Amino acid sequence: MRESGEGEDRLVRLMVEYQAGRTEAFEGLYEALAGILRRHFEAVSRGGATDDLVQDTFMEIHRSRRTYLPPLPVRPWVFGIARNVLRRHRRLAWRRARRDAFGAGHDVAPSPAVSGAPHQAIDARDVNDALRQLSPARRHAWELHHVEGLSFEEIARVLRIPVGAAKLRSSRAMGALRAALGIVKGERRE
Amino acid sequence: MSDRVPAALLEAVRADFRPVRPLAAPWRRTMMLAPAGFLFAVLSPLFWGLRQNFSALTPSLSWGLSFLQVVIGLVVVGAALHEAVPGRTLSGRALAAIVGGAIALEVAVTLYTALMVPTVVPPGAWIRFAWECWFMAGLSGAPVLAAAAWLAARALPARPWLAGGIYGLGAGLIADSGTRLFCWVSEPAHVLVAHGGSILALAALGALTAAAVEGVRGRTLWRR
């Protein structure tokens, strides 16, 4: 799903109302952003606690709501918080693993890789497999643009890279996906 | 897409739901530091004593360059406060410009002062002088560093060590604006090692402080 500039305007309005103390605005923000955040965490996290991460992000959004400066775009701010939450989550997981390993007398083992959500269609599995073949940097840029609907300026801000690099990563990811899926000029080769 | 807020989350949010005023823009918060920055630049040399060859310096070489250091120091602190706001992290190019600019300013001020009023460390006193300047400059920068740390911690830095390092750098520049007015030595080796070392130490202290603040905050919030 692609969010338009109008969608971003709506998010800004919701944030302003949320800061003014309207609970409905928080619910509106959740409805608009939970799906995007869930997919974001599925793409970047190595653990399977996506729902926990989404909830923790909204708790952190609530605690830090005064750090949003209207009328700046909301999504880069939300992704900034999501990045923070993920960092804390990873540190906590690492501490727990280390503590458990120390307690059990075993070596520290990293968390297992995320298995990904079950997919409903074979095509979706194909796409998912193809996505996994991409480097994380390209995959992330592609997903932010084509799945989350972020503009390249927003992606550049989220990933802290130049706009040109965001375009290049997304474009190369798209090229690799087309090649992996056997798609030429918008059609799938069987 | 119509996700509903989980009941537990909504309950937790409602338990602490009140209107909030958005943080002021980073440059406005930096302006809150400006009076303190300029005050330190003036008070620090007056407190420790003006350099004995102060009269040999023209006003632009003494107060003028120190004023410039305070201004650039405030700009650097402002960049750190910008970095501390979620979603407004600085690009690699901006970071390079800020750090490179701060270092270039310190080196340029040092070399220009040495060129205009060349003075050297007395024989046998190199380490003592270096230690004294390093310590006094660090002490002078500590209040600015603490104020900047407080302002940055009110946001939510995604890279706390980086935000801290940058505001430490800014605090170091502001502190050095006063240090160069009480230290009468302009020998570049002394200034770059002692005064520059103090700036680096404040940057490192800033990075550690910010990381520690975020670590404590993270641990407190996540202990549920």
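For every residue, the table says whether it meets (1) surrounded by fewer than 20 Cβ atoms within 10 Å (Cβ to Cβ); (2) part of a helix (DSSP H, G or I).
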{"position": "B:ALA175", "(1), (2)": "no, yes"}
{"position": "B:GLY178", "(1), (2)": "no, yes"}
{"position": "B:VAL185", "(1), (2)": "no, no"}
{"position": "B:ALA194", "(1), (2)": "no, yes"}
{"position": "B:SER198", "(1), (2)": "no, yes"}
{"position": "B:ALA201", "(1), (2)": "yes, yes"}
{"position": "B:ALA204", "(1), (2)": "yes, yes"}
{"position": "B:ALA207", "(1), (2)": "no, yes"}
{"position": "B:ALA210", "(1), (2)": "no, yes"}
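Taking the stretch B:6-58 as the range and being at the interface with chain A (Cβ under 9 Å from one of its Cβ atoms), of a type in the set (Val, Ile, Thr) and buried (at least 18 other Cβ atoms within 10 Å of the Cβ) as the test, only B:VAL13 passes. Set side by side, the residues B:TRP184, B:TRP126, B:TRP150, B:TRP134 differ, and just one is more than 14 Å from chain A (Cβ to nearest Cβ) and free of Cβ contacts under 8 Å to residues at least 24 places away in the same chain, which is B:TRP150. Across the stretch A:27-64, the number of residues qualifying as assigned to a loop (DSSP other than H, G, I, E, B) and within 24 Å of A:PRO136 (Cβ to Cβ) comes to 5.
For the stretch A:65-76, the criterion of being within 23 Å of B:ALA8 (Cα to Cα), within 7 Å of chain B (Cβ to nearest Cβ) and not in a helix (DSSP H, G or I) is satisfied by no residue at all. Might you let me know whether the stretch A:40-52 holds any residue that is modelled with pLDDT of 90 or more, aliphatic (A, V, I, L, M), outside the structural domain of A:GLN133 (by TED's automatic domain parsing) and out of contact with any Asp or Glu (no Cβ under 7 Å at 6 or more places or on another chain)? No, the stretch A:40-52 contains no residue that is modelled with pLDDT of 90 or more, aliphatic (A, V, I, L, M), outside the structural domain of A:GLN133 (by TED's automatic domain parsing) and out of contact with any Asp or Glu (no Cβ under 7 Å at 6 or more places or on another chain). Scanning the stretch A:18-41 for residues that are over 16 Å from A:PRO76 (Cα atoms), crowded, with 17+ Cβ neighbours inside 10 Å and not aliphatic (A, V, I, L, M) yields a total of 5. Here B:ASP3 fulfils each of the conditions (1) surrounded by 16 or more Cβ atoms within 10 Å (Cβ to Cβ); (2) facing chain A (nearest Cβ under 8 Å); (3) modelled with pLDDT of 85 or more apart from (3).
Taking A:THR57 as the residue in question, decide whether it is hydroxyl-bearing (Ser, Thr, Tyr) and either in contact with a strand residue (DSSP E or B) (Cβ under 9 Å, 6 or more places away or on another chain) or closer than 21 Å to A:LEU144 by Cα (or both).
Yes.
Can you spot a residue in the stretch A:89-105 that is surrounded by 11 or more Cβ atoms within 10 Å (Cβ to Cβ), modelled with pLDDT of 70 or more and closer than 24 Å to A:TYR30 by Cα? Yes - at least one qualifying residue is present in the stretch A:89-105.
For the stretch A:30-64: of the residues being aromatic (Phe, Trp, Tyr) and within 7 Å of chain B (Cβ to nearest Cβ), which is farthest from B:VAL13 (Cα to Cα)?
A:TYR30
The values are calculated or read from the model by the stated rules, or taken from the named source; none is laboratory data. Keep in mind it's a predicted model, so treat the numbers as computed, not measured. Note: ideal-geometry Cβ built from the backbone for every residue, glycine included; neighbour counts use all protein chains shown.
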